Structure formats: structure tokens, C-alpha cells
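> Below is the structure I would like to discuss, written out as C-alpha cells.
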Amino acid sequence: MFDPLRLRMLDRATETEPTEAERIAHAYRVASGGNAWAALVRAVEDALTDLAEAERRSLRRDRLISYGYVRGRHDGGGR
């Protein structure tokens, strides 16, 4: 199996270190037994899961901030 990351890692004359993206891609490919398509699908699944979690946290933070503004208002409507 041709492994471009391994080739780049061996060719220190032109490249110093693989990028973070290359290391992550390599890890996904290794974990998928060398199947590039399976590695890509898994990476996209993980990215979408992380994105959904970040969105959930952002919405929760926004709700807490809004609740804090309502509780802290000074027009007498908060109590």
C-alpha cells in the first residue's frame, strides 16, 4: 500500500514534519485498515459530531446569557 505520509516522513530533505492535518488523516487511515474511503467517512462523521456539540454548547451559553440579562434587569420586572 502506498502511504504518502510515510514517504514524506522519510524524505526529510524537502519536508521537516507532517502537518497536523496529515497526522490526523494518517491516524484515520491506519485505524480504518488502510481503507481511504472509510477513513474519510469516519473523519467527516467525527467532524459533524464535534460541530453539533459545539453548536449545542453555544446555544446553551446564549440561553444562560439571556437568562442572566432578564434576572439582572433594573426595571422592576425581574422580581
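The values are calculated or read from the model by the stated rules, or taken from the named source; none is laboratory data. Since we're looking at a predicted model, the values are computed, not measured. Cβ coordinates were reconstructed from backbone atoms using ideal geometry, including for glycine residues, and neighbour counts include every protein chain displayed. Areas reflect the complete protein model, heavy atoms only, side chains present, ligands, DNA and RNA absent. Shrake-Rupley method; radii C 1.70, N 1.55, O 1.52, S 1.80 Å.
> Within segment 37-79, how many residues are open to solvent by less than 100 Å² (accessible area, probe 1.4 Å) and either touching a helix residue (DSSP H, G or I) at 6+ places or on another chain (Cβ under 9 Å) or at pLDDT below 70 (or both)?
11
> Output the number of residues of segment 2-22 satisfying the condition of being surrounded by 13 or more Cβ atoms within 10 Å (Cβ to Cβ), modelled with pLDDT of 80 or more and either more than 21 Å from the chain's Cα centre (by Cα) or in a helix (DSSP H, G or I) (or both).
Within segment 2-22, residues that are surrounded by 13 or more Cβ atoms within 10 Å (Cβ to Cβ), modelled with pLDDT of 80 or more and either more than 21 Å from the chain's Cα centre (by Cα) or in a helix (DSSP H, G or I) (or both) number 1.
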